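First, the structure itself, so that you have it in front of you.
The values are calculated or read from the model by the stated rules, or taken from the named source; none is laboratory data. Fair warning: this is a prediction, and the values are worked out from it, not measured in the lab. Here the Cβ is made from the backbone with ideal geometry for all residues, glycine too, and neighbour counts use every protein chain on show.
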Amino acid sequence: MRYLGLLVLALLVLAVGLAHAQHPLLDLIADKVVQKYQQSSCEQLWEARSKPKTPQEQNAVQLLRGDPQMRIEFINKIAAPVANKMFECGMIP
């Protein structure tokens, strides 16, 4: 019985690891967005907000619009750091 419990636990850990590795592109994009917000000044963020999106950014947005599950995962990764920086910069009330 003990071995069965360990096997179930090992399978659960493996499944969680695979779930996180499913979207390496999403992880890369999310990390890039968080890094941009953390390293930019408020002035840089305000200026970037008025510029048109690059083709890469447009492709990323299209990808997220087409896959709701991926979009949820992306938002969960970036929400706190981006929202905090936007609040600090007066971009959200």
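Just wondering, is there one or more residues in region 45-63 that are among the hydrophobic types (A, V, I, L, M, F, W, C), at pLDDT below 95 and in contact with an Asp or Glu (Cβ under 9 Å, 6 or more places away or on another chain)?
no
A further question follows. Working only within region 64-93, note down all residues that are within 22 Å of Pro24 (Cβ to Cβ) and either among the β-branched types (Val, Ile, Thr) or touching an Asp or Glu at 6+ places or on another chain (Cβ under 8 Å) (or both).
Ile72, Ile75, Lys77, Ile78, Val82
To keep it simple, each residue is scored yes or no on (1) assigned to a helix (DSSP H, G or I); (2) within 12 Å of Val33 (Cβ to Cβ).
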site	(1), (2)
Leu45	yes, yes
Gln58	yes, no
Gln62	yes, no
Phe74	yes, yes
Ala79	yes, yes
Val82	yes, yes
Lys85	yes, yes
Ile92	no, no
